[in-house]
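The numbers here are math on the coordinates, done by the rules we state, and not lab data. Note that the structure is a prediction, hence the values are computed from the model and not measured. Note that we place each Cβ from the backbone using ideal geometry, even for glycine, and neighbour counts take in every protein chain shown.
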Amino acid sequence: MANLIPLPPDPIVTPRPRPGANLSSAMRQFLKDIEWPISTSWSRYLVAQAQVTSQGPNQVAAPVSLTGQSASIGATSIAPGQVASGLYRLAYYARVTQAATVSSSLTVTLGWTDHGQALTASGAAITGNTVTSFQSGTLMVYLDALTPITYATTYASAGGQSMVYQLYVLLSTQGI
């Protein structure tokens, strides 16, 4: 991610004598009597960076990044045995990258467990059969600890040239 907050031009710290310090004494006394406070502009910069960082979602597991897909994908775990219970954002993006000769259909399904109950959510079938056909979705989900979070696709394609698609899935926290 690009840093949108510019670095301050001044030094990060500016030494100044402590109140009552005698700067004419020996070097060790000099070092003992100097404060090294962070400059105001750097303090503001670091606070702004912390605010920007805390506003963005924190990735919980490695994102799923699949390209060149031309078949259904069975239920596949995103983060096997890695997630603590709590509220998360589960998001996906799918796009046709090569249209089928005649027709095609792609449905994305996400699965998780909430208080012992297995749940799933599916997007509508993507049937546009053009390289501009896409779908994305974001769900707020409660996850039980150490239970699988899954993605799956249902694929159909007709004609001499098969439909090809890409799929991206991300599990992140919301800082709640």
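Take the residues of segment 149-176 that are buried (at least 19 other Cβ atoms within 10 Å of the Cβ) and in a loop (DSSP other than H, G, I, E, B): which is nearest to the chain's Cα centre (by Cα)? Applying the filter and picking the extreme gives ILE149.
Working only within segment 127-148, note down all residues that are assigned to a strand (DSSP E or B) and among the β-branched types (Val, Ile, Thr).
As a first pass, look at segment 127-148 and keep what is assigned to a strand (DSSP E or B): 134-143.
Passing the criteria: THR138, VAL141.
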